[in-house]
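Okay, so here's the structure we're looking at.
The values are calculated or read from the model by the stated rules, or taken from the named source; none is laboratory data. If you're wondering where the values come from, they're calculated on a predicted model, not measured in any experiment.
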Amino acid sequence: MSQSACSSCAFFEDHKANNDQTLKDAGLCRFNPPVFQPEAAERGYWPVVKQDDWCGHFERDAA
């Protein structure tokens, strides 16, 4: 796995996906705010990313 992969990024949350199901080898990207939903009663969604994905916003996790 790359040193700059999502799994080692400060903005990666290895928790639960948007639908409350744990996805293997995936997590949530917390760099940007959640995606807006058109209906007021719906909640926003965080982008689901794979642990070995990467992007230009990578910042090393302090842990």
- Only residues that are under 14 Å from residue 9 (Cα atoms) and part of a strand (DSSP E or B): list them for segment 27-47, please. 27, 28, 29
- For segment 27-57, how many residues meet the condition of being at pLDDT 90 or above and among the hydrophobic types (A, V, I, L, M, F, W, C)? 6
